[in-house]
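Asks: Before I ask anything, let me first share the structure, which is written out below as C-alpha cells.
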Amino acid sequence: MQAAVGVFRECWGVKRPPVKAVQERAKSLGYRYAQLYFIAGNWWLSLAMAACADAVLGISAKVRPQAQCWILVKHGNGPLLIIWQQGRLHRVCQQSLTDCVAECNSAGACVEEQQYLQHGWVEPLPEPWADAVDVDYDRSQRLVALESLPQLALYRKPRRRWQWLVVLALLLTAAAGGWWMLAPVDTEHSKAQLEAVNAGAKGGRQRLPLAAVFEQVEHLAMRRWQGAWQLQSVELKGTHLTTRYHGYAPLALYSMQQTDVINSGANQQQPITRSQVQDISTVQQPSADQLSPWRSDALLRALLTENRPGLKIQRLGSQWQFNWQHWSLPQLRELSQRLAAVPLHLQKLSLIPSEQGWNGNLTLTNPPKVMP
C-alpha cells in the first residue's frame, strides 16, 4: 500500500500545547498522525498522513546521492519498503516481505547501481537484503495516531504523578486518623503537658492574659510625651513589649541613653530614636472563669456581626485578627475585657498614636494541641 510521507511542521512556542488543541489542529488540516518535539526552547508539532513519515525522512539522510536505493524497514504493521531513484524518493509502501522481494527482483536494475539498506530486523533476511547495510536513525521521531496522543509520556507522567500524590495524601490522612482514634489516652500525661504549656515550658509560648497585658500597654500609651521624647509605637511580640520614642534636638540630646540612636545631622526634622524593651512573661493571670469553647466561639462571632466604626475583624484559619483606626483607649480597654476570658493565645499586639486616637492591631491564635 502506497504511503503519503509529506510532513507538516509548526512551531507552538515555549508553552506545551494541550492534547485537544493538537488534535483539533491536525483534523482541521486533514492529518491523521502527530508528534510533539521540544527543540531549541520551543515546542514543534509534526503532522502527517502516515505513521512512517518521520521514519522515512530520518532514513533518507543515509541514502547515497544519485543511487538506486532499496530500504527495508521493520515498522508498525509489517515491512516498509522505501525506494530512492536518482536521489529522489520514488515509492513508499507497506506490504509483505514476499511482495517486497518480488518488487525488487522485477525492477531489472543493474546490481552495481543498487544500494541495499535495512533497519530493525533481527532475524535473517532473504535476498537481496541478506547482506544489506544496517542504517540507524532517530527512533524518537515516531508519529502516533491522533487518538493515541493522550498516551504519550509527556502527557501521561504529570497526571500519574498528581494521582499518586493524592493517593499518598489520603493514605497518610487515614493512617493519622486511625492512630489518633486507637492510641491510648494517658490522662495524667496530658494534664502535665498542658500545665507545662501554660507555664511556658514550651519555649516561652505561654498564654499571656490579654487584659493584664493591655493594662501595661495602656499605662505606656497614656503618656505620649516623656520630656523631649514623643511616643511612636507600642508593640508586643512573644513576651517582649517594645516601646519606641522619637526625640528632637537639642533638648533630647541632654537626656540620651546608651540605647538611643542619633541620625547623622540630627535636627528638628531628623529625630533621635529610642527603644525600650520589657519582658512581661511574669504578668499574672487574673482570677476569672474561662469561657467554654462554644461560648468563646459565640462571643467572637458576635463581635464579627457588630458594627463598630473603625474596627475590622478577620478570621484566618486558627487566627483572629483585630485592626482598628482612630480608637480611644477606653474603647480598646472594653474590647480587651470582653476578650479576656476567650481561651486564645495573645500572639501580637501593636498600638500607634494618631491625630484622632490610636491605630493598631491584635492577633489571637488557638493554643498548641497537647498530644497524648
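The values are calculated or read from the model by the stated rules, or taken from the named source; none is laboratory data. Note that the coordinates shown come from a computational prediction; the quantities given were computed from them, not determined experimentally. FYI the Cβ positions are ideal-geometry reconstructions off the backbone, even for glycines, and counts take in every protein chain you see. Areas reflect the complete protein model, heavy atoms only, side chains present, ligands, DNA and RNA absent. Shrake-Rupley method; radii C 1.70, N 1.55, O 1.52, S 1.80 Å.
Asks: Please tell me if L300 is at pLDDT below 85, out of contact with any Asp or Glu (no Cβ under 9 Å at 6 or more places or on another chain) and surrounded by 13 or more Cβ atoms within 10 Å (Cβ to Cβ).
Replies: Judged against the criteria, L300 is a match.
Asks: I need every pair where a residue in region 50-74 that is without any contact (Cβ under 8 Å) to a residue 40 or more places away in the chain has its Cβ under 9 Å from the Cβ of a residue that is part of a strand (DSSP E or B) and open to solvent by 10 Å² or more (accessible area, probe 1.4 Å), sequence separation at least 6 or different chains.
Replies: Taking only residues 6 or more apart or on different chains, the pairs are S60/W84; S60/L89.
Asks: Starting from residues that are open to solvent by 40 Å² or more (accessible area, probe 1.4 Å) and β-branched (V, I, T), keep the ones in region 110-141 and report whichever is modelled with the highest pLDDT.
Replies: V133
Asks: Go through region 307-371 and tell me which strands (runs of 3 or more DSSP E), entirely inside it, have 1 or more residues that are open to solvent by less than 30 Å² (accessible area, probe 1.4 Å) and out of contact with any Phe, Trp or Tyr (no Cβ under 7 Å at 6 or more places or on another chain).
Replies: By residue number, 319-327, 345-354, 357-365.
For every residue, the table says whether it meets (1) open to solvent by 40 Å² or more (accessible area, probe 1.4 Å); (2) farther than 30 Å from Q23 by Cβ.
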{"position": "A48", "(1), (2)": "no, no"}
{"position": "R64", "(1), (2)": "yes, yes"}
{"position": "W84", "(1), (2)": "no, yes"}
{"position": "S96", "(1), (2)": "yes, yes"}
{"position": "A102", "(1), (2)": "yes, yes"}
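Asks: Any idea which residue in region 68-109 is modelled with the lowest pLDDT, counting only those that are over 51 Å from the mean Cα position of the chain (by Cα) and of a type in the set (D, E, K, R)?
Replies: Top of the filtered list is R88.
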